[in-house]
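The values are calculated or read from the model by the stated rules, or taken from the named source; none is laboratory data. Note that this is a predicted model, so its numbers are computed, not measured. Glycine gets a Cβ as well: all are built from the backbone with ideal geometry, and neighbour counts include every protein chain shown.
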Amino acid sequence: MPELPEVEAVCRVARRALAGRRIVSAHIRRRRICLPQTPRQVAAALAGKRCLAVERLGKNILIHLEGATLTVHLRMTGNLYALAHPGLRPRTTSAHLVLDDGRALVFDDPRGLGILRLGRPPGPVGPDPLSREFTPQRFAEMARAGRSPIKVWLMDQRRVAGLGNIYAAEALHRAGIDPRRLASTLRVSRLNRLHAAIVAILAVAVESASRAYRRPGGFADGEWFTAAVYGRDGLPCRRCRRLIRRIPQGGRSTYFCPGCQR
DNA sequence: CTGCCCCTGTAA
DNA sequence: TTACAGGGGCAG
């Protein structure tokens, strides 16, 4: 479920629960979520440490502790939230941290694809689209070298960190760009429009997601985000009434309007 | 680039 | 029963 806006909402919740707290003990239920390290190693590294800060980097949540950093990636179905009673955690819990206020931070993940690792995210992570470094100039410079379709290019975390399948499609629709266009063939004027669309859509979605995000159950399938194209295969475009299409791109579904995206 | 994999849930 | 799911890493 999570792209940048949802991760930001979860990050705020985690920050509120963890700020200034000490981790009494860590419990990791699924061995593979922290590979290649063992659950025992990770738990030992966390126990007794105080939390200094929590920040988001793209879709990663970085929990800064005394002398260590823990990176959480929610992947498809992960979620973090605080529970007053650790014993009440759901059976889909991948891991949980018992805190010195008696509460627990739960890493709930039904599909179990999420990741927990000591240290910072591996590999290069591009500029976060809500940060100062994400300027139209830098965006256009990067795109000039892009040899893949713009939608696939946008989803590469080394370029725009945090953009995923939904918001990449939504931003391209807002900017009126065909997702199949090669990144390097787009004019600067269109890249500027795309840059603005990305920032605008994410900014609104972050606030909306944070409001919608309450507790376990998280973003209950509510209508907290109204998609222009995502998931609307076969339905009329809200702008031009042409039918939205779905095509495979990079192994996932891309939704777009053949009428207003060229 | 494509396809497969990690998992579980849900909808057609 | 099959297809698909908002993520990402890997092999070919």
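Couple of notes before you dig in:
- Summed over the range A:116-156, residues that are crowded, with 19+ Cβ neighbours inside 10 Å, among the β-branched types (V, I, T) and within 16 Å of A:L62 (Cβ to Cβ) total 0.
- Residue satisfying condition, being of a type in the set (S, T, N, Q) and surrounded by 16 or more Cβ atoms within 10 Å (Cβ to Cβ), within set A:T38, A:T71: A:T71
- The range A:116-135 residues that are free of Cβ contacts under 8 Å to residues at least 40 places away in the same chain and at negative phi, paired with ones that are within 16 Å of DNA strand B (Cβ to nearest atom) and not in a loop (DSSP other than H, G, I, E, B) (beta carbon under 8 Å, 6 or more apart): none
- Within the range A:1-28, being surrounded by 15 or more Cβ atoms within 10 Å (Cβ to Cβ), out of contact with any strand residue (DSSP E or B) (no Cβ under 6 Å at 6 or more places or on another chain) and either closer than 16 Å to A:A68 by Cα or among the basic types (K, R) (or both) holds for one residue alone: A:R12.
- The listed residue being over 25 Å from A:Y213 (Cα atoms), hydrophobic (A, V, I, L, M, F, W, C) and at pLDDT below 95, out of A:L35, A:L46: A:L35
- Subset tally (residues that are surrounded by fewer than 23 Cβ atoms within 10 Å (Cβ to Cβ), within 19 Å of the chain's Cα centre (by Cα) and aliphatic (A, V, I, L, M)) for the range A:83-115: 2
- Whether a residue is within 16 Å of DNA strand B (Cβ to nearest atom), in a loop (DSSP other than H, G, I, E, B) and either modelled with pLDDT under 95 or of a type outside the set (A, V, I, L, M, F, W, C) (or both) was assessed, and A:Y230 passes this test.
- All positions within the range A:81-117 that are away from DNA strand C (no atom under 16 Å from the Cβ), touching a helix residue (DSSP H, G or I) at 6+ places or on another chain (Cβ under 9 Å) and either at pLDDT below 95 or in a strand (DSSP E or B) (or both): A:Y81, A:A82, A:A95, A:H96, A:L97, A:V98, A:L99, A:A104, A:L105, A:V106
- Of all the listed residues (A:I33, A:I61), the sole one being closer than 29 Å to A:P127 by Cβ, part of a helix (DSSP H, G or I) and either within 16 Å of DNA strand C (Cβ to nearest atom) or touching a residue at least 60 places away in the same chain (Cβ under 8 Å) (or both) is A:I33.
- The listed residue being among the acidic types (D, E) and within 15 Å of DNA strand B (Cβ to nearest atom), out of A:D100, A:D109: A:D109
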